[in-house]
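Trainee: Got a structure here, written out as structure tokens. Questions coming.
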Amino acid sequence: MSALEIGYALLIVALLIFIFPAAKYWLKNSPKAEKGDWQAFLFPISMVIAFVAILMLIVAR
Amino acid sequence: MSDSQFSTKQIARESALSTNKVLRNTYALLSLTLIFSAVMAMVSTTMNVGYGASLACTFGALALIWFVLPRTAESGAGVAVVFAFTGLLGFGLGPILNHYLSMANGGELIATSMGGTAAIFLGLSGYALTTQRDFSFLGGFLFAGLIIVLLAAFAGIFLQMPGLWLAINAAVIMLFSGFILFDTSRIINGGETNYVLATTGIFLSIYNIFTSLLHLLGFANE
């Protein structure tokens, strides 16, 4: 294992420690989704997935 | 019109004005930091900076966001801190960009990735702004997803599986697309009133989407 890989592993551990308090807060305090909220989220995300797939197909040609 | 109706309307108007101000300041600072970050990326590309220096820059940026930004976000110094960490992250992109620039159509890949990231950001921001929907219900889901992706990335360092990295990059794009909706809706709905912190969140989303899209396009190209 190279020093660079150890460095990246340490960076990920630091990121995990960094986001943990925010993650804990939002996991406890996120408001409940109302009717239609998940559909309103999934619609643009599926557009993003389709867009990225199209870009990958264009590049692969 | 009764006094209570008048004051309710006035409060709503003041709240809308305040939200517009945060949004305007966020987009102004975001534009400037993206330009600065791109300039720093060009500098590091020209200097042919190595992966070690890139990693050190990322650690430096994380330290600024972690320890300095929370203390300075409410003051003018917060803007300087945002420029410092976006500059470091931009500078850290040098080796990745050089890796792709060494390919035959590397410049095209980077340009496509930049254009794709811009389209994703503008589309998602426009969607959040026009629908005015509150996406704060996504908070727990997005942070749980981020922890899972980080754990997978940690495992990926040891497992050396190309398929895993492909999945991680795809997940990062979806996750940070969700964060753009989440952050933008928090500004619109008054959940985030500090434009320095709002810029930080959106910049990190754009940065991560750009790098992951570049890796995915690089994979498709190969």
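Trainee: Considering only region B:138-163, state which residues are surrounded by fewer than 16 Cβ atoms within 10 Å (Cβ to Cβ) and more than 7 Å from every other protein chain (Cβ to nearest Cβ).
Mentor: Within region B:138-163, B:ILE148, B:LEU151, B:ALA155, B:PHE158, B:LEU159, B:GLN160, B:MET161, B:PRO162, B:GLY163 meet the criteria.
Trainee: Follow-up. Show me the helices (runs of 4 or more DSSP H) entirely contained within region B:38-137 in which 2 or more residues are of a type in the set (A, V, I, L, M, F, W, C) and open to solvent by 40 Å² or more (accessible area, probe 1.4 Å).
Mentor: Working: elements: B:51-63, B:69-72, B:77-92, B:94-101, B:106-131.
Passing ranges, in order: B:51-63, B:77-92, B:106-131.
Residue-wise test of (1) at pLDDT 95 or above; (2) in contact with a Lys or Arg (Cβ under 8 Å, 6 or more places away or on another chain); (3) within 21 Å of A:ALA3 (Cα to Cα).
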site	(1), (2), (3)
B:GLN10	no, no, no
B:LYS21	no, no, no
B:PHE36	yes, no, no
B:VAL49	no, no, yes
B:ILE65	no, no, no
B:PRO70	no, no, no
B:SER75	no, no, no
B:ALA84	yes, no, no
B:GLY87	yes, no, no
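Trainee: Sticking with this one: Any idea which of A:LEU4, A:LEU16 is open to solvent by less than 80 Å² (accessible area, probe 1.4 Å), in contact with a Leu (Cβ under 6 Å, 6 or more places away or on another chain), within 7 Å of chain B (Cβ to nearest Cβ) and assigned to a helix (DSSP H, G or I)? Let's see the steps before the verdict.
Mentor: Working: A:LEU4 fails: in contact with a Leu (Cβ under 6 Å, 6 or more places away or on another chain).
After applying the criteria, what remains is A:LEU16.
Trainee: A follow-up question, please. Criterion first (assigned to a helix (DSSP H, G or I) and open to solvent by 20 Å² or more (accessible area, probe 1.4 Å)) does B:LEU166 satisfy it?
Mentor: Yes.
Trainee: Tally up the residues in region A:19-49 that are open to solvent by 80 Å² or more (accessible area, probe 1.4 Å) and in contact with a Ser or Thr (Cβ under 6 Å, 6 or more places away or on another chain), please.
Mentor: So the answer is 0.
The values are calculated or read from the model by the stated rules, or taken from the named source; none is laboratory data. As the structure is a prediction and not an experimental result, all values here were calculated from the model. Glycine gets a Cβ as well: all are built from the backbone with ideal geometry, and neighbour counts include every protein chain shown. In case anyone asks, the SASA skips ligands and DNA or RNA and just uses the protein heavy atoms, side chains included. Shrake-Rupley method; radii C 1.70, N 1.55, O 1.52, S 1.80 Å.
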